[in-house]
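The values are calculated or read from the model by the stated rules, or taken from the named source; none is laboratory data. Please read these numbers as outputs of a predicted model, since none were measured by experiment. Neighbour counts run over all protein chains shown; Cβ positions are idealised from the backbone, glycine included. With ligands, DNA and RNA removed, areas are computed over all heavy atoms of the protein, side chains included. Shrake-Rupley method; radii C 1.70, N 1.55, O 1.52, S 1.80 Å.
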Amino acid sequence: IAVGGGLRKVARGAVGPISNSRLGASSGYGTLSRSNNKLSGSNLSISGRPSSVTIRAPVNGAGVRRPVTNITNRINNTRAPPVAAPASATKKPQGTVAAAPPLEKGRGKRPAWDLKGRMQDMEAVVQKLTLERQENLDKLDVFGNQLSDLHQEKHQLGTHLNEMQSVEQAKLEELSEANKQIRQRDESISKLKLSLQEKKCSIEQKDRAISDLSMEIQLKLNEMIHIKTSLSGMSSAKTIIEAQLSAALSQITGKDQHITDINKELTDALTSIVDLKAKITTGEDLRKKLHNKVLELKGNIRVFCRVRPLLADEIVKNGDSDSILHLNVLSENSIELLKGTANCDTSSMSGLKSRGNGAVEFTYDRVFGPKHTQADVFEEVSQLVQSALDGYNVCVFAYGQTGSGKTYTMEGVPDSLQDAGIIPRTVTHIFTEIERLKEHGWEYQIETSFLEIYNETIRDLLTSPVEAKNVAYDIKMTTDTRAPHTYVTNLKIVSVEKPAEIYSLLAMAQQHRAVAATNVNQHSSRSHSVFRMMLNGTNTKTSETCHGSLSLVDLAGSERLKESGSTGARLTETQNINRSLSNLGNVIMAIGQKQSHIPYRNSKLTHLLQPSLGGSSKTLMLVAVSPLDSCINETVNSLRFAAKVNSCHIGVAAKQLKKN
């Protein structure tokens, strides 16, 4: 308890009763502490029982006590009730000032000179505080005793709880053990019941068996009686039975001989099967040779022509008619072009021999009209695809003006079986043939790549433009003289095992290819795309290997600068496209004329296709022709170029075959 101008604060510890030694008082003279009913401090001391308190002021250096003005002022501020001064205090000692009587309630402060009165007021306050303090200490002692009793009772309850928990745990363990023993006894009882049931069933079975045996014994006894009765008659039949047995033995001997003959026939059949398999292998080799011979007779560079049908909007512009007046398919190998159209440029027709009706006839290896389907076209192309599996380099490329149907012929319509192009049909055909050739011991590994040549720059269509950024693609030639072929550095090569993987790659390449709109075609391909498959076969029976390649090329559309209306970037694209197509024609002409120098390196396209254009390959050029009268000048140029290529002979293709 602190005293400073009245009752200021009561402090109590967090745990346990407040002891007497924790009581203190503070004033302007320092901090007071209580011990044995005495308050003392560095500047002031208060002592006495609760009924009487003495306050002594400090002594200064001259031996005179300092006034306790601060303490008295604080005591007066408390407005404590007046205390009657003792009788001795009313007598004024000599040489001192008489103390004024205690202040009554409602009166002002005592004067400063009335020290004794102030001391009396303070003694009254201290006495009151001491009484209150003693009462609080008594209460605290009672509370402390109660708290101690509660702690002791808590401890006893905790001990009792632990004992009860231990007893409960022991009971639970005993109960668990009892349950376990009960379960074991139940299991034993179940087993005993099961065993008893089995024994009961066994006894019943034995009883039934005994009953059956009794009946059987009775039957046997009856049979024996019957046998004894008929035994006399059986002796006469014995001779007959012996004769029949002898005949049966003779038949068995004949059967054994028949089985021997059948085994011999089976051995001969197995030998014949082995010979037939050898003949099949030989026949497969002969088929490949004859197939290659047929293609050689047809020409190692072949030219097909296809006229696409009119589209829906073109039919409307043509007066709701799908007829094509300026083009006429004469047969499977020829097509004629009529000169008398308003859009025909006479200069483009110069040098062409016309028929009597003013039409010009062109002859190719195969001509497909507007009514022919994608399946009809691939039926002819499939022969070359088969050559790639047989170990030859094969190249198929579509040539023609933009909008003539080259991309449709090569790729077709996605997810459509009827309109699938040459590339997806080739994939299906190759995997079907690979499954068939497995019967003859052939196993194939297929590697694919897909690129485009845009403005004489190679782009990898199987790599995103972000990944291909700052990657250099250069065309190189392998050093293997037996199977020379070109390859592109840093080009992504993907090994495939099923058609679905290739279809996924084709869809990816289609998204990356450069396409733009011109006056001639809203979706014109602005680059040459080259899809290549490397077919490496091994025969596990004969150790024979073959290495073929198949390049399927969709060339960018040729178009005249004046008609295309190209400017800026489109103009640059058109110039590069026409230049590379012109170089392709120059290469084919040089090959056909047996020139000493073939300008393969004049363009990236001819450099890349060098092994597929030379004498060791089979090449098919499919020229696509637009049915529109407005495109007749480009149609004439395409047909004229295709006719020149058809007149070329590039030599005999070499098979890339090796026997170990």
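Please work out if LYS128 is open to solvent by 90 Å² or more (accessible area, probe 1.4 Å) and either touching a residue at least 40 places away in the same chain (Cβ under 8 Å) or touching a Pro at 6+ places or on another chain (Cβ under 7 Å) (or both).
It is true that LYS128 is open to solvent by 90 Å² or more (accessible area, probe 1.4 Å) and either touching a residue at least 40 places away in the same chain (Cβ under 8 Å) or touching a Pro at 6+ places or on another chain (Cβ under 7 Å) (or both).
Can you give me the ranges of the helices (runs of 4 or more DSSP H) entirely in region 374-442 with at least 3 residues that are out of contact with any strand residue (DSSP E or B) (no Cβ under 9 Å at 6 or more places or on another chain) and at pLDDT 90 or above?
The helices (runs of 4 or more DSSP H) meeting that bar are 422-437.
If the Cβ limit is 8 Å and pairs must be 6+ apart or interchain, which residue in region 426-437 that is under 16 Å from LEU506 (Cα atoms) pairs with which residue that is open to solvent by 30 Å² or more (accessible area, probe 1.4 Å) and hydroxyl-bearing (Ser, Thr, Tyr)?
VAL427/TYR503
Give the residues of region 586-635 that are β-branched (Val, Ile, Thr) and touching a strand residue (DSSP E or B) at 6+ places or on another chain (Cβ under 6 Å), sorted by residue number. Don't jump to the end; show me each part of the working.
Let us first name the residues in region 586-635 that are β-branched (Val, Ile, Thr), namely 587-588, 591, 598, 606, 619, 623, 625, 632, 635.
Across region 586-635, the qualifying residues are THR619, VAL623, VAL625, THR635.
Among the residues of region 456-470, what is the count of those that are at pLDDT below 90 and touching an Asp or Glu at 6+ places or on another chain (Cβ under 9 Å)?
The number of residues fulfilling the criteria is 2.
Is region 131-154 home to any residue that is open to solvent by less than 100 Å² (accessible area, probe 1.4 Å), among the hydrophobic types (A, V, I, L, M, F, W, C), under 30 Å from LYS109 (Cα atoms) and touching a strand residue (DSSP E or B) at 6+ places or on another chain (Cβ under 9 Å)?
Within region 131-154 (the criterion being open to solvent by less than 100 Å² (accessible area, probe 1.4 Å), among the hydrophobic types (A, V, I, L, M, F, W, C), under 30 Å from LYS109 (Cα atoms) and touching a strand residue (DSSP E or B) at 6+ places or on another chain (Cβ under 9 Å)), the answer is no, since none of the residues qualifies.
Quick check: anything in region 380-395 of a type in the set (D, E, K, R), more than 14 Å from LEU555 (Cα to Cα), open to solvent by 30 Å² or more (accessible area, probe 1.4 Å) and without any contact (Cβ under 8 Å) to a residue 60 or more places away in the chain?
For region 380-395, residues of a type in the set (D, E, K, R), more than 14 Å from LEU555 (Cα to Cα), open to solvent by 30 Å² or more (accessible area, probe 1.4 Å) and without any contact (Cβ under 8 Å) to a residue 60 or more places away in the chain: absent.
Restricting attention to helices (runs of 4 or more DSSP H) lying wholly within region 520-614, give those where 3 or more residues are modelled with pLDDT under 80.
Values: elements: 561-564, 569-592, 604-608, 610-613.
So the answer is 561-564, 569-592.
Using the structure shown, decide if ILE458 is over 26 Å from VAL625 (Cβ atoms), surrounded by 22 or more Cβ atoms within 10 Å (Cβ to Cβ) and β-branched (Val, Ile, Thr).
Answer is yes for this residue.
Since ILE252 meets every condition but one in (1) at pLDDT 80 or above; (2) closer than 30 Å to LYS406 by Cα; (3) of a type outside the set (Asp, Glu), which condition does it not meet?
Result: ILE252 passes all but (2).
Take region 474-488 and flag every residue that is touching a Lys or Arg at 6+ places or on another chain (Cβ under 9 Å) and farther than 15 Å from LEU609 by Cα.
Across region 474-488, the qualifying residue is only ARG482.
For region 355-407, enumerate the residues that are among the polar types (S, T, N, Q) and over 45 Å from the mean Cα position of the chain (by Cα).
Within region 355-407, ASN357, THR363 qualify.
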